[in-house]
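None of the figures in this text is laboratory data; all of them are computed from the coordinates on show. Bear in mind the structure is a predicted one, so any value in this text is a computation, not a measurement. Cβ sites come from the backbone with ideal geometry, for glycine too, and all protein chains shown count toward neighbours.
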Number of protein chains: 6
Amino acid sequence: MTSQALDDGGSRLERGRRALAEIDGEAGHAVVAALADIAPDFATYLFEFPFGDIYCRPGLDLRAREIATIAALTAMGNAAPQLRVHIEAGLNVGLTREEITEIIMQMAVYAGFPAALNGLFAAKDVFARRFPPAGGSPAPGA
Amino acid sequence: MTSQALDDGGSRLERGRRALAEIDGEAGHAVVAALADIAPDFATYLFEFPFGDIYCRPGLDLRAREIATIAALTAMGNAAPQLRVHIEAGLNVGLTREEITEIIMQMAVYAGFPAALNGLFAAKDVFARRFPPAGGSPAPGA
Amino acid sequence: MTSQALDDGGSRLERGRRALAEIDGEAGHAVVAALADIAPDFATYLFEFPFGDIYCRPGLDLRAREIATIAALTAMGNAAPQLRVHIEAGLNVGLTREEITEIIMQMAVYAGFPAALNGLFAAKDVFARRFPPAGGSPAPGA
Amino acid sequence: MTSQALDDGGSRLERGRRALAEIDGEAGHAVVAALADIAPDFATYLFEFPFGDIYCRPGLDLRAREIATIAALTAMGNAAPQLRVHIEAGLNVGLTREEITEIIMQMAVYAGFPAALNGLFAAKDVFARRFPPAGGSPAPGA
Amino acid sequence: MTSQALDDGGSRLERGRRALAEIDGEAGHAVVAALADIAPDFATYLFEFPFGDIYCRPGLDLRAREIATIAALTAMGNAAPQLRVHIEAGLNVGLTREEITEIIMQMAVYAGFPAALNGLFAAKDVFARRFPPAGGSPAPGA
Amino acid sequence: MTSQALDDGGSRLERGRRALAEIDGEAGHAVVAALADIAPDFATYLFEFPFGDIYCRPGLDLRAREIATIAALTAMGNAAPQLRVHIEAGLNVGLTREEITEIIMQMAVYAGFPAALNGLFAAKDVFARRFPPAGGSPAPGA
């Protein structure tokens, strides 16, 4: 999938829905569902601006966009649920576990060791759920 | 240049010096020089850990590393001088002006419009100095 | 209740106790009780400065003060327990659920979508506890 | 002017342009103009999402919205230019100087004294430019 | 133990291991163990730079270094697990419970009351585990 | 001077004035003077809470309090003027230039290299003004 593929017309809302589904997968659906009874319009904005407008722009591919997002959320250190969603999204758009780990480790330089440590432990959890060992429980090497 | 090329042996300090020179260029030298009379050991740490250890790791190329750094510094919003150095560094390792602009714009989603606006104006200044118009003064299209 | 009503004399400590009780209700008492064995003087400062000094000032009504606090705590994104207390406090001083939701949504512009999302989910929890459905469990429309 | 008045139809872009002009005035125009040669699309997003979508929503009046924004930008402490624009915007939508000063002072409680001090000095500058003394230079009481 | 004692030769890695063990104790071991399957190199960096390089420098004793770290982590407010580790570390290098409480309370001035409150509750937990009452459960005066 | 010496009675306001004068010196006076025409009550709060209440508490000496403040303001990275005031204050209460430099360098571990670099350059400026070379201009070794 390329960002070009996402930009094939339709309204911002439709384009955003499609992009959110492709990038965030199940995690994106869960966020939107949780908004239904508190702020349904906010789900619309979430489809439209981040996904319908920004992620669909042709000037940067989705792999680069997820590198940027994982880095920023790790560095800010105050958005743990969203960091997990975007570690998943990074895997969805083709980043390897090693690459994601490298991005997060690098944040020690810019935001300190605690931010990087908390990011690494988030990645550890996401990887363990996404790549369960044959035996059925998260393995040390996951 | 690839990160592989940076990892060809030598001490952490030597490797870091080489990496800093290739990535940050003049701006890196200026930072190190400014540290000489207040904290010369900190210049050594700057060579060794961020550049000798992290940027030289083989698991992520320098283009991806600069995407991550530009994103993080834009989102944090409290490190304006370092953001400018890394916008330059992004250009040094092959990011285009358009790509850098896309990364910074995307930060509006994760850190708000003010962080993105301040990042865009930093990029505008760096681009104007780096790509002066033929007439000798920063041009509208720089 | 108006901030004027809070400013009817007495010591800063008494005035602050009265203001904290009126604004934060039970949640305020819980915070003060939890401080008793670690830092009882800090409970005194909490009564005196934020509540005895600031919230009792006549130049801004309590409704406006809670708008400011809910906005700031949502945007900072690193004070989840206090955000919940002040969503309650906002209801206590007359903000509607819709107004609180609007304030938090607006923070997407200034602090990014993750900060707004985390604020909305905090509000969802507070509203569900405060306005339980007839059936006795938090309802979708709470 | 009420937010209701802003919501009288037209596209998001038109509605956002009108809202930005009414709320931010000259300062808003300057930001948009400065974006022209680096990221013109970002000016469009700025019209559309913050102003065309959020500020025009009927659930909260503009006075309350500017209280929220001034509070958040003061507390975050890393968006000085935007704080100045919104201190002006606060005056534009009817907040008094005293009310703006109260909002900023209150942030000492939530984000510390340095954030409040820096916010107060920003307000002092904006007030001095906006309400010049008869004698032509910023007066002590401005 | 003095920082001088830590600086008695050996490689950065060995020196850092020794310093981490002395300063952070069990909590430090747990962090390193948790990194083993996600980013073992990061454990090496953690030994080498913070502990092998910085904490072993002779210009500031460990007591002063832990005052600085507890203050910073309380003020930043986005690194709760690391704050707990360093409250323990503060006790390990000789800070009293009262001194740690004073440092955290002071952060109300610089980072706001929520940051100080969250820091105090972290300290309360650490103290209760470290100094259990005779009866076997955390006592009010712990 | 010890914090004990500051706590010899008088009102919070008087005690705070005395403490501010001893700790912050000229820089403190300048801040208070600048508040006179925008928010004179805030100067009172600044005397009373941070200085009259917190800095005068007996449980931690002023040297330790300034270590904590310099660390926190460096790590937060969004309060440059206040960091400079407290680097001065650190010197006023007996910290050496070397100790202040060590505190700031250590923040690279917790808040990243940019925060530490910006803190070091602030210290460089303060030291150069405070310890001018014999020749009359800031010297390399200042």
| message | Can you give me the C-alpha center-to-center distance between segment B:52-112 and segment F:109-125, rounded to a whole angstrom? | response | 19
| request: Using the 7 Å Cα-to-Cβ label point, sort the distances from F:Leu13 to its equivalents in the other copies shortest first and give them in nm to one decimal. | output: 2.0, 5.8, 5.8, 5.9, 6.4
| field | Among F:119-127, C:11-19, F:74-82, A:66-74, the order from most to least packed when residues are scored by Cβ within 10 Å on average | value | A:66-74, F:74-82, F:119-127, C:11-19
| query | Put a point 7 Å out from Cα along the line to Cβ at C:Ala33; what are the distances to that point in the other copies, in nm, shortest first? | reply | 3.6, 3.6, 5.1, 6.0, 6.4
| message | Quick check: pseudo-label points 7 Å beyond the Cα along Cα→Cβ at B:Ala21 and C:Glu98, how many nm apart are they? | response | 6.6
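Suppose every K and R has +1 on its Cβ and every D and E has -1 on its Cβ; what is the size of the dipole of segment E:2-119 about the Cα centre, in Debye to the nearest 20?
Dipole about the Cα centre, nearest 20: 140 debye.
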| request: Compute the Cα gyration tensor for chain A, then decide on rounded, prolate or oblate, letting a ≥ b ≥ c be the square roots of its eigenvalues: rounded whenever a/c is under 1.5, prolate when a/b is larger than b/c in the other cases, and oblate in all that remain. | output: prolate
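Looking at the square roots a ≥ b ≥ c of the eigenvalues of the Cα gyration tensor of the protein assembly as shown, which shape do they give, rounded for a/c under 1.5, prolate if a/b is larger than b/c, or oblate? Kindly include the intermediate steps, with their values, before the conclusion.
Values: a/c = 1.23, a/b = 1.00, b/c = 1.23.
Rounded, since a/c falls under 1.5.
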| query | Of all the residues in chain D, which one has the C-beta that comes nearest the axis relating D to F, and what is the distance in Å? | reply | D:Asn78, 3
| remark: Percent relative contact order for chain B, counting Cα pairs under 8 Å at least six residues apart, stands at 22
| field | Segments E:86-94, C:55-63, D:98-106, F:33-41 sorted - mean Cβ within 10 Å per residue, highest first | value | D:98-106, E:86-94, C:55-63, F:33-41
| Can you give the average number of partner chain beta-carbon atoms within 10 Å of each beta-carbon in peptide F:61-70, as a whole number? | 6
| query | Which aspartates and glutamates have a Cα lying under 15 Å from the Cα of C:Lys124, excluding residues fewer than 8 positions away in the same chain? | reply | A:Asp37, A:Asp41, C:Glu88, C:Glu98, C:Glu99, C:Glu102
| Summing +1 for each Lys or Arg and -1 for each Asp or Glu, what net charge is found among the other residues whose Cβ lies under 10 Å from the Cβ of B:Leu35? | -1
| query | Given labels modelled 7 Å from the Cα in the Cβ direction, how far is it in nm from D:Ala80 to F:Phe131? | reply | 2.7
| remark: Relative contact order as a percentage, segment C:11-52, C-alpha pairs under 8 Å and 6+ apart, gives 68
| said: Once you order the gyration tensor axes a ≥ b ≥ c over the Cα atoms, which shape class does segment E:34-77 get: rounded for a/c under 1.5, otherwise prolate or oblate by comparing a/b with b/c? | reply: oblate
| task | List the distances, in nm to one decimal, from the label point of A:Arg129 to the label points of the same position in every other copy, shortest first, placing each label point 7 Å from Cα along the Cα-to-Cβ direction. | result | 2.4, 2.4, 4.4, 4.8, 5.1
